[in-house]
Amino acid sequence: MKIYALIPARSNSKTVVSKNIKPLKGFPLLAYSIAVSKLIKNVSRVIVSTNSSAIAELAKKYGAETPFLRPAKFCKDSSNDLDAIGHALRWLEENEGEKPDLVVYLRPSTPLRDSRLIDKAIGDLIKNPKATSLRSAHILAESPHKMFQLNKAGFFTGFFPDYPKPEYHGIPRQLFPQAYHPNGYVDIVRSGFIKSSKYKLCFGDKILPMITPIVTEIDLLEDFEYLEYQINKFGSPLLDYLKANFKNV
């Protein structure tokens, strides 16, 4: 089975400018996802999909391939996972005659991972041919039914207006189904499924779960500080790998 890692790293992030190349403990954020890809046993290629030639050169420095630059139309704020994965699959097939069976999709914004857990996730998906994909998530402390949004009049209202019980957001959380937060630790997709859907679907309706510990995703500058605290307290095998193999930035 042919398994590739694909790391999306566009340059035009808005909330944290240049997030994918911002240093974390002396190494660019992107380098952590490349490092874990190198440690996953059955991954034969590590490809970074970016719209930036500067990010492409940085990715090569840390051992990834950058055989293409992703077109701007697939790098908008509204672009989704299928835009990045679908473009990569089409490019590989049209330009190299290559088609991986599985794509291990690793967002740089979730940098601290254990390659052994991803090895297990790959094995779990391979053993379950009915699954259309695998996605990681961690347990949410609160159900979405307990959350509010603001309506046009400026008042709190629930997200489920058709829920049969009034003021359902006041019901004890234990009475709702357990909810899970997709966290970017790893997503694994079948290229054959994406192609069979004519590049309209990415994950399908039979998503195999990978339940992870709670992990930190980088959405704000403060998240970098918290990740540094975690690394200082618990260490990081990926940082050790990077220090052993590369000079920091």
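L125 meets each of the listed conditions (1) over 28 Å from D219 (Cβ atoms); (2) in a helix (DSSP H, G or I) apart from (1). For the stretch 179-186, the criterion of being exposed (fewer than 10 other Cβ atoms within 10 Å of the Cβ) and either assigned by TED's automatic domain parsing to the domain that holds I34 or modelled with pLDDT of 95 or more (or both) is met by no residue.
One line per residue, one yes/no per condition, for (1) surrounded by 15 or more Cβ atoms within 10 Å (Cβ to Cβ); (2) at pLDDT below 95; (3) of a type in the set (A, V, I, L, M); (4) not in a helix (DSSP H, G or I):
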{"site": "L117", "(1), (2), (3), (4)": "yes, no, yes, no"}
{"site": "A121", "(1), (2), (3), (4)": "yes, no, yes, no"}
{"site": "P129", "(1), (2), (3), (4)": "no, no, no, yes"}
{"site": "E142", "(1), (2), (3), (4)": "no, yes, no, yes"}
{"site": "G154", "(1), (2), (3), (4)": "no, no, no, yes"}
{"site": "T157", "(1), (2), (3), (4)": "no, no, no, yes"}
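Here L201 does not fit the description of being closer than 29 Å to K14 by Cα, in a helix (DSSP H, G or I) and not hydroxyl-bearing (S, T, Y).
Quick check: anything in the stretch 199-212 within 20 Å of the chain's Cα centre (by Cα), of a type in the set (F, W, Y), surrounded by 14 or more Cβ atoms within 10 Å (Cβ to Cβ) and under 26 Å from A88 (Cβ atoms)? Looking through the stretch 199-212, at least one residue is within 20 Å of the chain's Cα centre (by Cα), of a type in the set (F, W, Y), surrounded by 14 or more Cβ atoms within 10 Å (Cβ to Cβ) and under 26 Å from A88 (Cβ atoms). Here the condition is being of a type in the set (D, E) and in a helix (DSSP H, G or I); of E217, E228, it holds for E228 alone.
Only residues that are outside any loop (DSSP other than H, G, I, E, B), crowded, with 16+ Cβ neighbours inside 10 Å and aliphatic (A, V, I, L, M): list them for the stretch 71-115, please. Hits for the stretch 71-115 are L82, A84, I85, A88, L89, L92, L102, V103, V104.
The values are calculated or read from the model by the stated rules, or taken from the named source; none is laboratory data. On a predicted model such as this, the values are computed, not experimentally measured, just so you know. Neighbour counts are summed over all protein chains in view; Cβ atoms, including those assigned to glycine, are modelled from backbone coordinates with ideal geometry.
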